[in-house]
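First the structure, in the form of structure tokens, and then the observations on it.
Any read-out appearing in this document is the output of simple, stated calculations on the displayed coordinates, not a laboratory observation. The structure displayed is predicted, hence computed values, not measured ones. Glycine also receives a Cβ, built like all others from the backbone with ideal geometry; neighbour counts cover every protein chain displayed.
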Amino acid sequence: MIVCHCQNISDTEIDAAIDWMRASDPQALITPGKIYRALGKAADCGGCMPLFLDTMRKNGNLEIPMQLRSLRGGATKEPEPCKATPKSLNTSTILSVTS
């Protein structure tokens with residue numbers, strides 16, 4: 001089945017690219033951009049992205065490497081306040097510093 005009509009990419013080509021990337025580097029994060037590059041093509045209009053991603057997700061080799069799975073939990077934490085900036089910075093402070 002053709003997934004990307006602009007670049008004429010099929011679901012079997014996507015699967016083959018994922019399998020090839022996983023075999024060459026078991027710890028690689030596989031993205032649509034990397035698949036396009038592996039196939040020697042580039043994304044065009046982006047209209048295929050939902051179907052492209054669905055096709056990728058169906059491949060058993062797309063799995064995120066075990067050592068990288070814990071990184072996602074840290075991304076949802078609240079950012080800590082910057083210690084370089086005072087909590088209450090008003091314009092008079094800025095004016096006195098720049099004068």
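Remarks
- Selection from segment 49-62 of residues that are touching a helix residue (DSSP H, G or I) at 6+ places or on another chain (Cβ under 9 Å), of a type outside the set (Val, Ile, Thr) and more than 10 Å from ILE18 (Cα to Cα): MET49, LEU51, PHE52, LEU53, LYS58
- Total residues in segment 6-19 satisfying the condition of being more than 22 Å from the chain's Cα centre (by Cα) and over 14 Å from TYR36 (Cβ atoms): the figure is 0.
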